[in-house]
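*Asks:* Please read through the structure below; I'll follow up with questions.
The values are calculated or read from the model by the stated rules, or taken from the named source; none is laboratory data. Keep in mind it's a predicted model, so treat the numbers as computed, not measured. Counting neighbours? That spans all protein chains shown, and the Cβs are built from the backbone with ideal geometry, glycine included.
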Amino acid sequence: MKEYVSILKRTKIFSGVKDEEIITMLSCLGARLSEYKKGEYVLRQGEQLSDILVLAEGHLHIQKDDYWGNRSILGNIEPGEMFGEVYASPQSEAVLNDVVAVEDSAVIFFDVKRIMTTCPAACRFHTLVVQNMFFAISEKNRRLVQKLGHMSKRTTREKLISYLSEESNRHNSAKFTIPFNRQQLADFLSVDRSAMSNELCKMRDDGLIEFEKNMFRLL
């Protein structure tokens, strides 16, 4: 796992922790690495979880299928992002959604009990990780609020404008690439793909946007 130290160093949970300290903590926190092929499930609805996970390599989607197979994409996980923490407490219910590898991926599992229990040496970097985890959870809650903002819009165009505006702000540029193809974007915004594609074309014709595949430019 040492090859992923540079990725872990960029994560919010290890912010401010030095390379050599991260290497020491991999053992201290019971870290283990699992690899997944494209299409494989990292987590399945109904599982019990006792770990906090960090994506070291690849790309994952948090998704949920209803009884009839209709899919909603609830979130996107990129390298360096933490996930699974909401299910890691001893009293937590089973996992509510699936996490699926969109491409070949590597995930590091950290034992939540070891994270929350300071080691006998009371090392500075262990305390820092606990503090960082709190801030990371706060950031994820903020992103959830942002998605609820997109979903609260009434029309497909309003949802697209809300989402694309947020992505532009996140990239600090009018030109950016989104992490979804057309079907995935429709699933993320809970709209019909054909209707969404038609609306994107209308927005282009109205001079609001330019796009090619998953690259967009706001005008």
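*Asks:* Look through Arg114, Arg204 and report the one residue that is over 24 Å from Ile62 (Cα atoms), charged (D, E, K, R) and touching a strand residue (DSSP E or B) at 6+ places or on another chain (Cβ under 8 Å). Walk me through how you get there before you give the answer.
*Replies:* Details: Arg114 fails: touching a strand residue (DSSP E or B) at 6+ places or on another chain (Cβ under 8 Å).
Matching residue, one of Arg114, Arg204: Arg204.
*Asks:* Need a quick list: strands (runs of 3 or more DSSP E) entirely within segment 1-84 having at least 3 residues that are loosely packed, with under 15 Cβ neighbours inside 10 Å. Steps first, answer last, please.
*Replies:* Working: elements: 32-36, 41-43, 51-65, 71-77.
Filter on segment 1-84 gives 32-36.
*Asks:* Suppose we filter Val99, Val95 for residues that are part of a loop (DSSP other than H, G, I, E, B) and either in contact with a Leu (Cβ under 7 Å, 6 or more places away or on another chain) or not assigned by TED's automatic domain parsing to the domain that holds Ala31 (or both); which single one remains?
*Replies:* Val95 is the lone residue from the list that is part of a loop (DSSP other than H, G, I, E, B) and either in contact with a Leu (Cβ under 7 Å, 6 or more places away or on another chain) or not assigned by TED's automatic domain parsing to the domain that holds Ala31 (or both).
*Asks:* Do we have any residue at all in segment 102-118 that's modelled with pLDDT under 80, assigned to a helix (DSSP H, G or I), buried (at least 16 other Cβ atoms within 10 Å of the Cβ) and among the aliphatic types (A, V, I, L, M)?
*Replies:* Looking for residues that are modelled with pLDDT under 80, assigned to a helix (DSSP H, G or I), buried (at least 16 other Cβ atoms within 10 Å of the Cβ) and among the aliphatic types (A, V, I, L, M), one finds at least one in segment 102-118, hence yes.
*Asks:* Is it the case that some residue within segment 47-57 is out of contact with any Phe, Trp or Tyr (no Cβ under 9 Å at 6 or more places or on another chain) and not acidic (Asp, Glu)? Quick ask: steps written out before the conclusion?
*Replies:* As a first pass, look at segment 47-57 and keep what is out of contact with any Phe, Trp or Tyr (no Cβ under 9 Å at 6 or more places or on another chain): none.
Within segment 47-57 (the criterion being out of contact with any Phe, Trp or Tyr (no Cβ under 9 Å at 6 or more places or on another chain) and not acidic (Asp, Glu)), the answer is no, since none of the residues qualifies.
*Asks:* Write out, first by first residue and then by second, each pair whose Cβ atoms fall under 8 Å of each other, whose residues are 6+ apart or on separate chains, and whose first residue, in segment 152-175, is under 17 Å from Asn198 (Cα atoms) while the second is part of a strand (DSSP E or B).
*Replies:* As it stands, the answer is Leu164/Ile209; Leu164/Phe216; Leu164/Leu218, since those pairs meet every condition given.
*Asks:* Using beta carbons and a limit of 9 Å, which pairs, at least six apart or on different chains, have the first residue in segment 182-195 and on the phi > 0 side of the Ramachandran plot and touching a residue at least 24 places away in the same chain (Cβ under 8 Å) and the second one in a helix (DSSP H, G or I) and surrounded by fewer than 19 Cβ atoms within 10 Å (Cβ to Cβ)?
*Replies:* Between residues of segment 182-195 that are on the phi > 0 side of the Ramachandran plot and touching a residue at least 24 places away in the same chain (Cβ under 8 Å) and residues that are in a helix (DSSP H, G or I) and surrounded by fewer than 19 Cβ atoms within 10 Å (Cβ to Cβ), the close pairs are Ser190/Met151.
*Asks:* Yes or no: segment 125-140 includes at least one residue that is within 17 Å of Gly75 (Cα to Cα), hydroxyl-bearing (Ser, Thr, Tyr) and assigned by TED's automatic domain parsing to the domain that holds Met25. Don't jump to the end; show me each part of the working.
*Replies:* So in segment 125-140, the residues within 17 Å of Gly75 (Cα to Cα) come out as 136-140.
Subsequent filtering for residues that are hydroxyl-bearing (Ser, Thr, Tyr) retains 138.
When the remaining residues are screened for being assigned by TED's automatic domain parsing to the domain that holds Met25, the result is 138.
Checked segment 125-140: at least one residue is within 17 Å of Gly75 (Cα to Cα), hydroxyl-bearing (Ser, Thr, Tyr) and assigned by TED's automatic domain parsing to the domain that holds Met25.
*Asks:* Report yes if Ser89 is exposed (fewer than 13 other Cβ atoms within 10 Å of the Cβ), free of Cβ contacts under 8 Å to residues at least 60 places away in the same chain and outside any helix (DSSP H, G or I), otherwise no. Give the derivation first.
*Replies:* Working: exposed (fewer than 13 other Cβ atoms within 10 Å of the Cβ): yes; free of Cβ contacts under 8 Å to residues at least 60 places away in the same chain: yes; outside any helix (DSSP H, G or I): yes.
Considered against the rule, which asks whether it is exposed (fewer than 13 other Cβ atoms within 10 Å of the Cβ), free of Cβ contacts under 8 Å to residues at least 60 places away in the same chain and outside any helix (DSSP H, G or I), Ser89 comes out as yes.
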